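The values are calculated or read from the model by the stated rules, or taken from the named source; none is laboratory data. Note that the coordinates shown come from a computational prediction; the quantities given were computed from them, not determined experimentally. Quick reminder, even Gly has a Cβ in these numbers, built from the backbone with ideal geometry, and neighbours come from all protein chains shown.
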Amino acid sequence: MAGFFDYQDREDKKAYKRTVIYFVAASSLVMLLFLTIIYVNTKDKQERKRALARQEQEAREAAQAELEQQRLEDEALGIGEHNLTSEDLDFWDMYDKKKDEYNEPVSNNEVKEQEERSEADKDKTVSGNNTDKNNEDNIMPTEEEKEEMRKSQDGKHIKAKAKGEDLKWYDIEEDAPKNAYDLKAALSMDEEKLEYKFGTISTVRGVDVSKYQGDIDWTKVKAAGYDFAMIRLGARGYESGNLVLDDNFVAYITGARNAGLNTGVYFFSQAVTEEEVIEEANFTVGALMNYGATYPIAIDMEWIEDDKARTDDLTAMDRTELAVKFCDTVKSFGYTPMIYASRDMLIAGMHPDLLEDYEVWLSDDYEPEDGTDYPYAFSMWQYSKKGKVDGITGDVDLNLRFMNSKEK
């Protein structure tokens, strides 16, 4: 009986040991599994954190690179440094990591704080712009700018350009007869035909021509409403100094007179001495001997803009004295003399106050605002070099002759 119980006791002990071993093994397995799960979760979380950190760092580097590129471009364009601080550029503080990671809404307090920050930034930007604008408004003009403004408003100066020089101011000569026409009030334009009528002064229309106009049908010109023609009689070469008769002078003056137009002539001068300008006047009068003139005989004073000319070294006084001597000579033959010149030539290249004894034929393109700003007296006005007239092929110069009603 004792042997049986000893055997049973040994079997119970073996069973107990196996149970303990199984329990320990099972517990170890469970613990290992639990630790494995914790490890995996921890590793995944760390990986996510590292991934987020990498993304954040890459975004920061991209933003900094973009700002650096913008700064370099601004410097290349000459734009001043911006007013932003490092705090303004640290936009990551506005990035809500909690919302991104757990997809939870931002609290109302956080939204309010962000809105207040945005409003503060907006106010700061507007204030900065206003400061810049105030600084611009407070910039004082330089002495040169003040002088420019004064001369443009005092009515005593006018800008003009001489050959080879910049546009600059010239004094308006007080003693010179002034432009008395009310051009703003009394000028009117109808189909490229300009007209002036004010009180007893009105205008008649005319053309001026040279051989470059080719064949002209003067009957059509007259029918188109033109009453006079100023015809180039001849010229002096601006290099050779030789006198030549215009190839079409005879045909033009004959055709214009036969069509009923009044005719005058002009001579393109390149005289550099008193003897030469008297020679030009005598040449002109001699060529007119068989035709006569019902309109003035003009000396044409011009610069040769695109080439060197024999007259380039003349002073304003030289040109003035030569023009007056031409007119004196023409007048001595009983004709009406006249001086043709551009606005710039008259202001910058001559002395208008010394031309008061003779009529001036002004060349200046018509401006709708004021007609012409030429301040001195003139009796004929070449207002366009690109006119279109029936009977003449291509462009032609258009003119107005100002006349008192008694002269008509």
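Computed values, structure above
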| read-out | value |
| --- | --- |
| In region 214-227, residue farthest from Glu369 (Cα to Cα) [restricted to those that are surrounded by fewer than 20 Cβ atoms within 10 Å (Cβ to Cβ) and touching a strand residue (DSSP E or B) at 6+ places or on another chain (Cβ under 7 Å)] | Asp227 |
| Residue identified as in contact (Cβ under 8 Å) with a residue 12 or more places away in the chain, touching a Lys or Arg at 6+ places or on another chain (Cβ under 8 Å), among the acidic types (Asp, Glu) and surrounded by 18 or more Cβ atoms within 10 Å (Cβ to Cβ) among Asp370, Asp344, Asp390 | Asp344 |
| Test result for Asp208, among the charged types (D, E, K, R), under 22 Å from Tyr291 (Cα atoms) and in contact (Cβ under 8 Å) with a residue 60 or more places away in the chain | yes |
| Unique match (being basic (Lys, Arg) and within 21 Å of Gln382 (Cα to Cα)) among Arg319, Arg236 | Arg319 |
| Residue check for Val330: over 34 Å from the mean Cα position of the chain (by Cα) and more than 12 Å from Ile297 (Cβ to Cβ) | no |
| Exclusive hit being in contact with a Phe, Trp or Tyr (Cβ under 7 Å, 6 or more places away or on another chain) and assigned by TED's automatic domain parsing to the domain that holds Gly206, set Tyr358, Tyr340 | Tyr340 |
| Number of the exception - Glu280 against (1) free of Cβ contacts under 8 Å to residues at least 24 places away in the same chain; (2) buried (at least 19 other Cβ atoms within 10 Å of the Cβ); (3) acidic (Asp, Glu) | (1) |
| Scan of region 255-274 for residues that are under 10 Å from Asp300 (Cα atoms) and surrounded by fewer than 22 Cβ atoms within 10 Å (Cβ to Cβ), ordered by number | Phe268 |
| From Lys211, Lys156, residue being surrounded by 12 or more Cβ atoms within 10 Å (Cβ to Cβ), under 29 Å from the mean Cα position of the chain (by Cα) and among the basic types (Lys, Arg) | Lys156 |
| Where Val360 falls short, out of the listed (1) within 28 Å of the chain's Cα centre (by Cα); (2) crowded, with 23+ Cβ neighbours inside 10 Å; (3) not in a helix (DSSP H, G or I) | (1) |
| Qualifying positions in region 289-312 - surrounded by fewer than 19 Cβ atoms within 10 Å (Cβ to Cβ), within 15 Å of Leu233 (Cα to Cα) and not β-branched (Val, Ile, Thr) | Met289, Asn290, Tyr291, Gly292 |
| Residue tally, condition under 41 Å from the mean Cα position of the chain (by Cα), of a type outside the set (Ser, Thr, Tyr) and outside any strand (DSSP E or B), over region 224-251 | 7 |
| Selection count, region 252-284, where residues are small (Gly, Ala, Ser) and in a helix (DSSP H, G or I) | 3 |
| The lone exception for Trp381 - which of (1) more than 15 Å from Tyr266 (Cα to Cα); (2) touching a Leu at 6+ places or on another chain (Cβ under 6 Å) it fails | (1) |
| Which numbered condition Lys325 misses (of (1) assigned to a strand (DSSP E or B); (2) among the basic types (Lys, Arg); (3) out of contact with any strand residue (DSSP E or B) (no Cβ under 8 Å at 6 or more places or on another chain)) | (1) |
